[in-house]
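Values quoted throughout were computed directly from the atomic coordinates according to the rules given, and no laboratory measurement underlies them. All figures in this text were calculated on a predicted structure; none of them were measured in a lab. Here the Cβ positions follow ideal geometry from the backbone for every residue, glycine too, while neighbour counts run over all protein chains shown.
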Amino acid sequence: MTSTVPSSPPSFASSSRPDAEGHFGPFGGRYVPETLVYPLQQLEAEYWRAQQDPAFQQRLSQLLREFVGRPTPLYFAERLTRELGGAKVYLKREDLLHTGAHKINNALGQGLLAQRMGKQRVIAETGAGQHGVATATVAALLGFRCTIYMGAVDCERQALNVYRMKMLGAEVVPVHAGQKTLKEAVNEAMRDWVTHVRDTHYILGTAYGAHPYPVMVRNFHRIIGDEARRQILERENRLPDLLIACVGGGSNAIGLFYPFLNDAGVRMIGVEAGGHGILPEQHAARFHGGSLGVLQGTRSYILQDEHGQIQLTHSVSAGLDYAAVGPEHAWLHDAGRVDYTYATDIEALNAFTRLARTEGIIPALESAHAVAECFKQAPKLGADKLIIVNLSGRGDKDVAQVATKIGLQMPM
Ligand SMILES: *Cc1c(COP(=O)(O)O)cnc(C)c1O
């Protein structure tokens, strides 16, 4: 089998998408207060300049290699493959990166951009705390002052990450509004940015928000897919049949998917949080009950009631627990290029312990959603098929929570 790119590639990954205003078809755009329009235009202009600048790219590559730990391995999960009795399963090991998840790819890229723009301070929102830790780490590395907004409920659920951020010198501000989780933290970060935009850059943590964030964040993460493509070609001499990744805002998934979008033979599945099941306020599966709307700067699929009020969401994993999904995923969904499904809390918890015991890898609860889908897909595919699962992060942050949920006893 050959791995050549088709001579007239379909345009799923195309330089005309998003358009100049950040639209992916009917999705995306820039829905912000007027005071943020100019800062976003400046950010966009500087980002495109940096992307063309070999010195910037070289600095980024060097730090990705020496500080972050890239490239990550593409690991053949042999025992798991045998147990599932179907397709060969490969894991893209983003869990091995510095700070424990893919988020540092984007945090570092935006940090270098902020430095280039002469900013002295960075701010970020965080849910599970992984993006907050990545941002605090980059702030320490590059010498920025740093403030992280985190819902008060999430601060309690993810106390370890709050300590890590403080250890790294960041100020952590608990947000007590509303549901006290990620959505409210984003609101506070936006408010801070509007007020301090002259010296502050907002390092948004996923492929979401107003243009240029979705395209910029995707481009900082596409290294995941670029590496995976090279690695599978080296190892198997052909492209994979199926890619699987979990989808919160959508950054790790689009990072893996993007370099394969024009390869018609590569199927892709994004896995959302099914929570307790698809009932109102019991999940965060935007493609299973969401509808078109505008939230926090962009137009996409959103979980909202018939009056446009944002619905409460639930997931065992804080990183997937968000009412909206990135606009490029919304477009890929409607274009039929990527399939979106969900894993429930219970399926994710099962995948978490099963991967730990079969392969000696404790995944993040977010990543466990992708692993759960792999358990369903691999046995249905023949032994000649190849699956790549994006293991977006490691599960250290989740171990205490899972131990409680599955009733592990401390030895006395
Ligand atoms: C934040 C996070 C996610 C979800 O965010 P995406 O932007 O959808 O990738 C998934 N996995 C891990 C480990 C995370 O920390």
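Compute the signed sum of charges (Lys and Arg +1, Asp and Glu -1) over the other residues within less than 13 Å, Cβ to Cβ, of ASP199.
+3
At 10 °C and 1.306 mPa s, grab the translational diffusion coefficient of the chain from Stokes-Einstein with a Kirkwood Rh over Cα pairs, rounded to a whole number in µm² per second. All intermediate terms of the calculation are to be shown ahead of the outcome.
Values: Rh = 21.1 Å.
The calculation lands on 75 µm²/s.
Per the Debye formula with a single identical scatterer at each Cα and no solvent contribution, what log10 I(q)/I(0) holds for the stretch 255-308 at q = 0.16, 0.20, 0.22, 0.26 Å⁻¹?
Taken in order of the listed q values, log10 I(q)/I(0) reads -0.65, -0.84, -0.90, -0.99.
Before rounding to the nearest 500, sum -39500 (n - 2.57) across all DSSP H runs of length at least 4 in the chain and divide by the residue total; then give [θ] at 222 nm in deg cm²/dmol.
-12000 deg cm²/dmol
Let's test the formula: R0 of 56 Å, r as the Cβ-Cβ distance of ASP199 and SER291. What FRET efficiency results, to the nearest 0.05?
Calculated transfer efficiency: 0.90.
Ratio of alpha-carbon Rg to the 2.2 N^0.38 Å globular estimate for the stretch 249-346, to two decimals, please.
Taking the Cα Rg and dividing by 2.2 N^0.38 Å, one obtains 1.05.
Of LYS103, LYS119, LYS92, which is the most mobile in a GNM of the chain whose springs link Cα atoms less than 10 angstrom apart?
Among LYS103, LYS119, LYS92, the largest GNM mean-square fluctuation belongs to LYS119.
Working out 0.36 nm times the residue gap between SER15 and ALA45, then minus their Cα-Cα distance, what length gain in nm do you get to one decimal?
On the way: separation 30, 0.36 × 30 = 10.80 nm, distance 1.61 nm.
The SER15-ALA45 span can extend by a further 9.2 nm.
What is the stretch 51-129's relative contact order, in percent, from Cα pairs under 8 angstrom and six or more apart in sequence?
24
Taking the Cα centre of each part, how many Å lie between the stretch 143-163 and the stretch 249-300?
The two parts, judged by their Cα centres, are 25 Å apart.
Once amide H atoms are placed 1.01 Å from N in the peptide plane, what residues at a sequence separation of 5 or more from LEU295, or on another chain, have their amide H within under 5 Å of its amide H?
Those qualifying (amide H under 5 Å, at least 5 residues apart or on another chain) are SER300.
Using the Kirkwood formula over every pair of different C-alpha atoms, what hydrodynamic radius in Å results for the stretch 188-309?
This gives a value of 16.5 Å.
Mind checking which of THR35, THR126, THR200 has the largest fluctuation in a GNM of the chain, springs on alpha carbons under 10 Å?
THR35
Quick one: what are the phi-derived ³J(HN,Hα) couplings along the stretch 246-263, Karplus 6.51/-1.76/1.60 with θ = phi - 60°, whole Hz, x for glycine and proline?
7, 10, x, x, x, 6, 5, 5, 5, x, 6, 6, 3, x, 9, 4, 8, 8
List every residue whose amide H lies under 5 Å from the amide H of MET268, counting only residues 5 or more places away in sequence or on a different chain, with H placed 1.01 Å from N in the peptide plane.
Those qualifying (amide H under 5 Å, at least 5 residues apart or on another chain) are LEU243, ASP339.
What number, in percent, do you get for the relative contact order of the chain if the mean sequence gap of Cα pairs under 8 Å and at least 6 apart is divided by its residue count?
Details: 880 pairs, mean separation 84.2, N = 412.
After rounding, I find 20 percent.
Go through the stretch 226-233 residue by residue and turn each phi into a ³J(HN,Hα) via Karplus (6.51, -1.76, 1.60, θ = phi - 60°); whole Hz please, and just put x for glycine and proline.
Values per residue, Gly and Pro as x: 4, 5, 4, 4, 4, 5, 6, 5 Hz.
What is the extension gain from MET167 to ALA356, computed as 0.36 nm multiplied by their sequence separation minus the C-alpha to C-alpha distance, in nm to one decimal? Could you put the intermediate results ahead of the total?
Numbers: separation 189, 0.36 × 189 = 68.04 nm, distance 2.86 nm.
Stretched fully, the MET167-ALA356 segment lengthens by 65.2 nm.
Each residue of the stretch 35-44 in order: what ³J(HN,Hα) in whole Hz does its phi give by Karplus 6.51 cos²θ - 1.76 cosθ + 1.60, θ = phi - 60°, with x for Gly and Pro?
Those phi angles translate into 4, 9, 5, 5, x, 5, 5, 4, 4, 4 Hz.
With only alpha-carbon atoms in the gyration tensor, what are the semi-axes of the equivalent ellipsoid for the stretch 1-151, in Å, largest first?
31, 24, 17
Taking amide H positions as placed in the peptide plane 1.01 Å from N, state which residues far from GLY275 in sequence (5 or more) or on other chains have amide H under 5 Å from it.
ALA284, VAL316, ASP345
Cut-off under 17 Å on the C-alpha distance; same-chain residues fewer than 8 positions from LYS92 excluded. Which aspartates and glutamates are left, in chain and number order?
Straight-line reach from LYS92, under 17 Å: GLU78, ASP226, GLU227, GLU234, GLU236, ASP241, GLU359, GLU366, GLU373.
Once you've got the Cα coordinates, tell me which of LYS183/LYS376; LYS119/LYS183; LYS103/LYS405; LYS103/LYS397; LYS166/LYS397; LYS103/LYS380 are over 21 Å apart.
LYS183/LYS376; LYS119/LYS183; LYS103/LYS405; LYS103/LYS380
Mind checking which of GLU44, GLU156, GLU66 has the largest fluctuation in a GNM of the chain, springs on alpha carbons under 10 Å?
Taking springs between Cα atoms under 10 Å, the residue moving most is GLU66.
Convert 37 °C to kelvin, take the viscosity as 0.692 mPa s, use the Kirkwood radius over C-alpha pairs of the stretch 214-257 as Rh, and evaluate the Stokes-Einstein diffusion coefficient in µm²/s, rounded to a whole number.
Working: Rh = 10.9 Å.
Once the numbers are plugged in, D ends up at 302 µm²/s.
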